[in-house]
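**Q** Quick one: structure below, then a few questions.
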Amino acid sequence: MLRSWQLYVLLLPGIIYLLIFKYWPMYGAQIAFRNYNPADGFTGSPWVGLQHFERFINSFQFRDLLVNTLTINTVGLLVAFPVPIILALIVNQLPSERFKKFIQTVLYSPSFISVVVVVGMIFLLFSPSSGIVNNVLTLSGAEPVFFMGDPEWFRPLYIGSDVWQNAGFSMIIYLAALTAIDPSLHEAAKMDGANKFRRIWHIDIPGILPVVTILFVLAIGNIFNLGFEKVYLMQTPLNLETSEIINTYVYKAGLQQAQFSYSAAIGLFNSVLNLILLVTFNYVAKKANQSSLW
């Protein structure tokens, strides 16, 4: 450490950030086991054990919240996870470097758009009166659809817009992994008469498989952490049947209704589920002789 002290100085801001924003808040997680009163503080509030957890599990919202969160995230994972891999494999095969960079820029640029702007675009495009989509439906003889008010359309709109916004960013990661593959493998495969599809199947995919495994394990570990901002912004009183998830419920119970201990218990319950999934799938990946987090 003394010999490389400059590197540890560079590491210090990141360590301080983790301590302040990740580890210190764990002290406040104890309010999930108390009837928290700001006047009494963390340690002065009465201890109630698992009362808030039992209240949430026995509540009528529990099943709907769990189903909505799991459905959106699981379907989103199955649909969105392969898309950047496919895009990276296709872009990597483009012969022109100039055209390849142009395509990368086009696909990557939606990642820079704010979530608020994306949701605004969704409301404008799918508006029942002035939206482009409903105008096309009307011109084709179909009836306009109130997409943002129909619970059945919330999940397709959320997942579709999420793929459009984030696939380009993930694609860059896989392209970086593809560049690390030894070009001599492709040259040898060409000499043996392998076409592009065979080279992709036997060289590119195995080459990026460790990165795919790591990102998949991380995605599984966040399966209950559905993006709060976008879901909350896309919610309307008419689509709550499918749009109300654990994170939005925590916000409403904790900040709007001031049920601090109850919302903390739900958030802790959510985090524990994510931790269990992360450890389980990391163990499975390790047993399958694939790359793992530890």
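**Q** I need every pair where a residue in region 193-214 that is under 10 Å from residue 181 (Cβ atoms) has its Cβ under 9 Å from the Cβ of a residue that is open to solvent by less than 60 Å² (accessible area, probe 1.4 Å) and of a type in the set (Ser, Thr, Tyr), sequence separation at least 6 or different chains.
**A** Listed pairs, sorted by first residue: 208/174.
**Q** With the condition kept exactly as written, say whether any residue in region 258-267 is at pLDDT 85 or above, within 21 Å of residue 170 (Cβ to Cβ) and of a type in the set (A, V, I, L, M).
**A** Checked against the condition, which is being at pLDDT 85 or above, within 21 Å of residue 170 (Cβ to Cβ) and of a type in the set (A, V, I, L, M), region 258-267 yields no hits at all.
**Q** Still on this structure, please answer the following. Could we say that residue 167 is surrounded by 18 or more Cβ atoms within 10 Å (Cβ to Cβ), hydrophobic (A, V, I, L, M, F, W, C) and either under 12 Å from residue 85 (Cβ atoms) or touching a helix residue (DSSP H, G or I) at 6+ places or on another chain (Cβ under 7 Å) (or both) here?
**A** Judged against the criteria, residue 167 is a match.
**Q** With (1) farther than 16 Å from residue 74 by Cα; (2) free of Cβ contacts under 8 Å to residues at least 60 places away in the same chain; (3) hydrophobic (A, V, I, L, M, F, W, C) as the list, and residue 268 as the residue in question, which single condition is left unmet?
**A** (2)
Quick grid of which residues meet (1) out of contact with any helix residue (DSSP H, G or I) (no Cβ under 6 Å at 6 or more places or on another chain); (2) of a type in the set (A, V, I, L, M, F, W, C); (3) within 26 Å of residue 124 (Cα to Cα):
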residue: 240; (1), (2), (3): yes, yes, yes
residue: 245; (1), (2), (3): no, yes, yes
residue: 268; (1), (2), (3): no, yes, no
residue: 292; (1), (2), (3): no, no, no
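**Q** Next question, about the same structure. I'd like to know if region 77-84 contains one or more residues that are more than 19 Å from the chain's Cα centre (by Cα) and part of a helix (DSSP H, G or I).
**A** No - not one qualifying residue is present in region 77-84.
**Q** Scan region 19-31 residue by residue and report those that are surrounded by 11 or more Cβ atoms within 10 Å (Cβ to Cβ) and without any contact (Cβ under 8 Å) to a residue 40 or more places away in the chain.
**A** Matches in region 19-31: 30 only.
**Q** Quick test for you: out of 212, 279, 231, 250, pick the one residue that is β-branched (Val, Ile, Thr) and open to solvent by 40 Å² or more (accessible area, probe 1.4 Å).
**A** Every option except 279 fails the conditions.
**Q** Could you check how many residues of region 139-154 are within 22 Å of residue 239 (Cβ to Cβ) and open to solvent by 60 Å² or more (accessible area, probe 1.4 Å)?
**A** 5
**Q** Still on this structure: Please work out if residue 109 is assigned to a helix (DSSP H, G or I) and touching a residue at least 12 places away in the same chain (Cβ under 8 Å).
**A** For residue 109, the condition - assigned to a helix (DSSP H, G or I) and touching a residue at least 12 places away in the same chain (Cβ under 8 Å) - is met.
**Q** Restrict the check to region 2-13 and report whether at least one residue is under 23 Å from the mean Cα position of the chain (by Cα) and basic (Lys, Arg).
**A** no
**Q** How many residues, within region 236-283, are farther than 21 Å from residue 69 by Cα, in contact with a Ser or Thr (Cβ under 9 Å, 6 or more places away or on another chain) and part of a helix (DSSP H, G or I)?
**A** Of the residues in region 236-283, 3 are farther than 21 Å from residue 69 by Cα, in contact with a Ser or Thr (Cβ under 9 Å, 6 or more places away or on another chain) and part of a helix (DSSP H, G or I).
**Q** Of the residues 207, 267, which single one is within 27 Å of residue 35 (Cα to Cα) and either out of contact with any strand residue (DSSP E or B) (no Cβ under 8 Å at 6 or more places or on another chain) or open to solvent by 40 Å² or more (accessible area, probe 1.4 Å) (or both)?
**A** None of the other options fit; the residue is 267.
**Q** Going through 34, 63 one at a time, which residue ends up being of a type in the set (Lys, Arg), open to solvent by less than 70 Å² (accessible area, probe 1.4 Å) and at pLDDT 90 or above?
**A** The conditions single out 34.
**Q** Which numbered condition trips up residue 52, out of (1) within 20 Å of residue 258 (Cβ to Cβ); (2) open to solvent by 50 Å² or more (accessible area, probe 1.4 Å); (3) more than 25 Å from the chain's Cα centre (by Cα)?
**A** Result: residue 52 passes all but (2).
**Q** Still on this structure, please answer the following. Restricting to region 178-187, count the residues that are surrounded by fewer than 17 Cβ atoms within 10 Å (Cβ to Cβ), in contact with a helix residue (DSSP H, G or I) (Cβ under 9 Å, 6 or more places away or on another chain) and in a helix (DSSP H, G or I).
**A** 3
The values are calculated or read from the model by the stated rules, or taken from the named source; none is laboratory data. Note that the structure is a prediction, hence the values are computed from the model and not measured. In this analysis, Cβ positions are derived from the backbone assuming ideal geometry, glycine residues included, and neighbour counts consider all displayed protein chains. With ligands, DNA and RNA removed, areas are computed over all heavy atoms of the protein, side chains included. Shrake-Rupley method; radii C 1.70, N 1.55, O 1.52, S 1.80 Å.
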